[in-house]
Amino acid sequence: MVALLAVVVLGGLVWLLRRQSGSDVPGRADEAPPQLPDRPFGGRQISEAQLPAGQIVVSGLTKQYNSVRAVDNLSFVVEPGRVTGFLGPNGAGKTTTLRMLLDLVTPTAGRATIGGVRYADLDQPIRCVGGILEASAAHQGRTGRNHLRIICRSAGIPLARADEVLQLVGLTAAGNRKVKGYSLGMLQRLGVAAALIGDPQVLILDEPANGLDPEGIRWMRDLLKAMAARGRTILVSSHLLSEVELLADDLIIIAAGQLVAQGSVASVLQSMAHGSRILVRTPDVAKLMAALDGDAVATPAGNGDVYISGADAVAIGDAAQRAGIAIHQLITERPDLEGVFLELTRGRAAIR
Amino acid sequence: MTLLDSPALAQARGTGTTPVRLIRAEIMKVRSTNTWWLFLLGIVVFTALALWSNGVSHHYELYPQLNTMSGAGKAQALAGAARARTHAGLAKIASNMMTSGQFVGVLFAMVIGILVITNEFAHRTAAVTFLITPHRAVVVMAKLAAAACFGALFWLASTIINLGVTPIYLHSQHASVSLTSWIVIRSVSLNLVAFVIWAVCGLGLGAVIRSQIGSVLAGLAIYLVGFAAVELIFHLIYNVYRHAWVLGAPVIAPAVASLVMITPGRAFAHAPPQWAGLVVLAGYALVFAVIGTAVTCRRDVA
């Protein structure tokens, strides 16, 4: 009788397992042509075929934690084939947004889709989307190689893929070492390796440059740019503005959970009140202004210098030559990302 | 960049059904760290210690040291020895020897169950795991199965040692009893059930209390301290409300249910039969598994 009961309990467990697996992977057996890397989603069943594969669409996303609205009615689009920088002050809701995108955090309201499909509804999600959320996300007592092999095993990918991605991120030599001996930079590389296991169309990275040395930062930048050039979607959050300026094609800036700016890097920079301006040092400002067209505006810059906007350096130089005015200094100042970022998020970066 | 040519990915056929490969992955997770063999070592040590202490106490039960005893004690010891020498008594000794170290061994099964899930949060790998399989219920099921497997492995290690020592011991004590008698087999297999169930309960506990230390302490409290506390409470109730069933009621506590289940005959005076312990314990396993799954599915992974 006892044995019978044990069989019933174990049988029930097996039945539950089978039922669970049956419901989430319909028609697994007949699908799975080997994925060609340049064919986004490997031709898998994406019902909204007309949607650009790998396009991330966030609409009305909201997350309320007790009294704090971490993400507030956030909407944006991330296009494939480009690197999109996701910026915001500390606590702006970047990480929460990325986690909602990956179905790790349940949104209070709104929807986030990747290629038109919610993350949870993707078949074999890591073959479509690679996510790196935390550099230290590996068991300290496990080797890096085993960490990757476990991911392969869970995803039904041959274990040999672990060695391929180890080589790809330059960790082959450290593969059989335990993770507790890794530097932060090595952990970041391990995270990238894990995200690349499924050769995904979409990469979502949270602060990937943290802890990387200059060589590592350049490596990461080259990798992400190369992937974007192959048509992949790259969404990368960061607070290293200079790095993002070098890396990103598009920008999404949020503050206090709300969208502040979105667009190509150039359009975001130009959206600011002042575009580029020229710092001029000359003995005769009035004469120079008279020689320029009516559009040019001069504002004092201290030390007798002036900022001239509405004319470029060539026009100013030519005008000065025509009028016979000496120019001691002519510097074009473009708004940099840091200035724009600080101005856009001013007053909204307080700890909430 | 070798992104474009991956021989391994070209071979990927999404092999195997999700549950099977997830269970294999969960077993691989445990196997790729030190914990499991350290625990196995612990089981071996506890089994050896328990064999020694059980062996000594059963020896004095069968062959009391009469010359050191007073008259009344002598009579009692002789009666005890006579009882131990009956067929039922010898079978009881045999089953006790065959399950040596397993009362404590069950704790290892429970803790491995706790670790299987809390490790994901302690080492922040839960996000990676759920990115691969967003259907968290399936992940928890795979973890339950893996924890049960390691529970069974621990039982196997302990049972193999007992199986090696017990026949030699019984022979040396001139106790002729067959290890294939139903009482012995029932005890041994009920211990397997206990190991599996406690591994499952541990996992459920770990899912609810994500802190590793917190859930291990809670588990130890339920298994060890809970025992005495429940006994005490029901004795106090019995003092007010004198019905015999009150003394059997502690079986509703998981630790008592476990003891009732694995003890041949009655675990204590007025204890309910073994099957009652099994039913209660299986109920706990089910409740722990369901709550653990529900909690894991609902909570955000921060």
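No lab work stands behind these numbers, since they all come straight from the coordinates. Since we're looking at a predicted model, the values are computed, not measured. A quick note on method: Cβ atoms are made from the backbone with ideal geometry, for glycine too, and the neighbour counts reach across all protein chains shown.
For this structure, a couple of remarks:
- In terms of other Cβ atoms within 10 Å, A:Glu245, A:Glu333 run from fewest to most in the order A:Glu333, A:Glu245.
- Packing-based ranking, highest mean first, of A:162-168, B:102-108, A:318-324 given that Cβ atoms within 10 Å are counted: B:102-108, A:162-168, A:318-324
- Residue mean of other protein chain beta carbons inside 10 Å, A:142-151: 4
- Rounded, prolate or oblate (a/c below 1.5 giving rounded, otherwise prolate when a/b exceeds b/c) for segment B:94-178 by Cα gyration tensor: prolate
- Long-range Cα-Cα pairs in segment B:1-121 (distance over 25 Å), rounded percent: 57
- Cα gyration tensor category, rounded, prolate or oblate, for segment B:118-243 with a/c compared to 1.5: oblate
- Ordered by the count of other Cβ atoms within 10 Å of each Cβ, fewest first, B:Tyr63, B:Tyr284 give B:Tyr63, B:Tyr284.
- The Cβ shell under 14 Å around A:Trp219 holds other residues with a net charge of 0, Lys and Arg each +1, Asp and Glu each -1.
- Using only alpha carbons, segment A:64-169 has a radius of gyration to Kirkwood radius ratio (Rg to Rh) of 1.01.
- With eigenvalues of the C-alpha gyration tensor scaled by 5 and rooted, segment A:293-352, Å: 33, 12, 10
- The value obtained for the protein assembly as shown, namely the Cα convex hull volume divided by the number of residues, is 218 Å³ per residue.
- Overall Cα dimensions of chain B, principal axis frame, Å, largest first: 88, 49, 29
- Cβ charges +1 (Lys, Arg) and -1 (Asp, Glu), total dipole of chain B, debye: 240
- Shielding of peptide A:97-108 by partners, expressed as the average count of other chain Cβ atoms within 10 Å per residue Cβ, is 3.
- Least to most buried among A:Lys63, A:Lys225 (fewest other Cβ within 10 Å first): A:Lys225, A:Lys63
- Calculated mean residue ellipticity, 222 nm, chain B: -25000 deg cm²/dmol, from DSSP H runs (n ≥ 4) at -39500 (n - 2.57) each, averaged per residue and rounded to 500.
- At 0.890 mPa s and 25 °C, Stokes D of segment A:241-352 from Kirkwood alpha-carbon radius, µm² per second: 154
- Loop-located trypsin sites (Lys or Arg not before Pro) in segment B:192-299 (DSSP state not H, G, I, E or B) with no more than 13 neighbouring Cβ atoms inside 10 Å: B:Arg242, B:Arg266.
- Shielding value for A:112-120 is 1, the average number of Cβ atoms from other chains within 10 Å of each residue's Cβ.
- Residues whose amide H falls under 5 Å from that of A:Val83, counting only those 5 or more places apart or on a different chain, are A:Asp249, A:Asp250, with hydrogens built in the peptide plane.
- Here's how it looks for A:Val71: its modeled amide H is under 5 Å from those of A:Lys63, which are all 5 or more places away or on a different chain.
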